[in-house]
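Read through the structure below, which is laid out as C-alpha cells, and then see the notes.
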Amino acid sequence: MRARPRFVAFDVIETVFSLERLRDRLVGIGLPPGVLDVWFAHTLRDAFALAATKTYAPFREIAAAALATLVAEQGCAADTEAREKVLDGFAELDPHEDASAAFRCLQGAHVPILALTNGGAEATRKLLQRAGLDRFVQRVISVEGVRHLKPRREVYLHAAGWAGVAPDELALVAAHAWDIHGAGRAGLTTAFVARGRPYPAFMMPPHLTAASLVEVAEALVRLPEA
C-alpha cells in the first residue's frame with residue numbers, strides 16, 4: 001500500500017468538470033446531441049497522435065480541428081464563427097456536484113491540490129474561478145509549460161518537479177483510464193474515478209478506485225502517512 005501523497009493533482013476536463021454544457025451548443029449549430037461524445041473522443045485521439053510523435057499543439061486547436069471535421073462529415077453549415085462559439089463553451093463548463101466536497105476533504109487533511117491539464121493554464125484558472133474552486137487549488141499546471149500532451153510521462157514528472165516531490169508522492173485523480181495509465185507509468189500514485197465504468201485490464205491498474213470524486217478523496221486521505 002502506498003503512503004498518503006504529499007500533493008494531489010486533478011485532471012480537469014471530465015474529471016472535475018462535465019462536458020454536458022457543450023451538448024446544447026452543438027445542437028444549436030445543427031449537430032445531433034450524440035456528437036459531443038464523438039467530438040471529444042476524436043479530440044483525444046488526435047492529441048494522443050501528437051503525444052506519441054512528441055509533437056505539441058494547444059488543446060483548443062486540436063478540438064477546433066476535430067469539430068471542423070465532424071461538421072463537414074455531418075453536412076452541417078456551421079461556419080468558423082459558429083464553431084468558435086461552441087469552443088467558447090469550454091470556459092463555461094459546470095463542475096461535477098461532488099467536486100467541491102472532494103477538494104474540501106483534501107484541504108481538511110492538509111493535502112495541497114494541483115490542477116494538471118491538457119488545456120491552457122489561463123483558461124483553466126478562469127474555469128476554476130467561475131466554479132468557486134480556485135480557492136482550493138494551489139497551482140494550475142498546464143502542458144503548455146512542458147510542450148508535451150498527457151499521457152506522456154514528461155507531463156507528470158513536470159508536475160512532480162514543480163511540487164518538489166518524488167513521483168510516488170504525487171497522486172493523480174482522473175476519470176480517464178489513459179490518464180491513470182500514463183501517470184502510473186511515470187511513477188505517480190493513481191486514483192481512478194470510475195462513475196460506473198470498468199477499468200481496462202490491459203492498462204496499468206490504478207492504486208485506488210472509487211465511484212466518485214469525493215470517495216476518491218476520502219480514500220486518499222485514509223492512506224497511511226509516510
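Observations
- Residues of segment 129-159 classified as of a type in the set (A, V, I, L, M, F, W, C), part of a helix (DSSP H, G or I) and either crowded, with 22+ Cβ neighbours inside 10 Å or in the same structural domain as Ala51 (by TED's automatic domain parsing) (or both), total: 3
- Within segment 187-207, the residues that satisfy the criterion of being surrounded by fewer than 22 Cβ atoms within 10 Å (Cβ to Cβ) and either of a type in the set (Gly, Ala, Ser) or within 20 Å of His110 (Cβ to Cβ) (or both) are Gly187, Ala194, Gly196, Ala201.
- Leu116 within 24 Å of Gly89 (Cβ to Cβ), in a strand (DSSP E or B) and touching a helix residue (DSSP H, G or I) at 6+ places or on another chain (Cβ under 9 Å): yes
- The residue of segment 174-202 that is farthest from the chain's Cα centre (by Cα), among those that are more than 20 Å from Ala115 (Cβ to Cβ) and not small (Gly, Ala, Ser), is Phe202.
- Of the residues making up segment 89-115, those that are over 16 Å from Gln129 (Cβ atoms) and not aliphatic (A, V, I, L, M) are Gly89, His96, Glu97, Asp98, Arg104, Cys105, Gln107, Gly108, His110, Pro112.
- Thr43 vs. criteria assigned to a helix (DSSP H, G or I), of a type in the set (S, T, N, Q), over 30 Å from Glu225 (Cα atoms) and at pLDDT 95 or above: yes
- Filtering segment 52-91 to residues that are at positive phi and over 22 Å from the mean Cα position of the chain (by Cα) leaves only Gly75.
- Of residues in segment 75-99 being surrounded by 16 or more Cβ atoms within 10 Å (Cβ to Cβ) and of a type outside the set (A, V, I, L, M, F, W, C), the one farthest from Phe136 (Cα to Cα): Arg83
- Taking segment 1-45 as the range and being free of Cβ contacts under 8 Å to residues at least 40 places away in the same chain and buried (at least 18 other Cβ atoms within 10 Å of the Cβ) as the test, the residues that pass are Arg23, Val35, Leu36, Trp39, His42, Thr43.
- Only one entry of Gly75, Gly108, Gly119 meets the criterion of being out of contact with any Ser or Thr (no Cβ under 6 Å at 6 or more places or on another chain) and within 16 Å of Val12 (Cβ to Cβ), and that entry is Gly119.
The values are calculated or read from the model by the stated rules, or taken from the named source; none is laboratory data. From a predicted model like this one, the values you see are computed outputs, not experimental measurements. Reconstructed Cβ throughout: ideal geometry from the backbone, glycine too, with neighbour counts over all protein chains shown.
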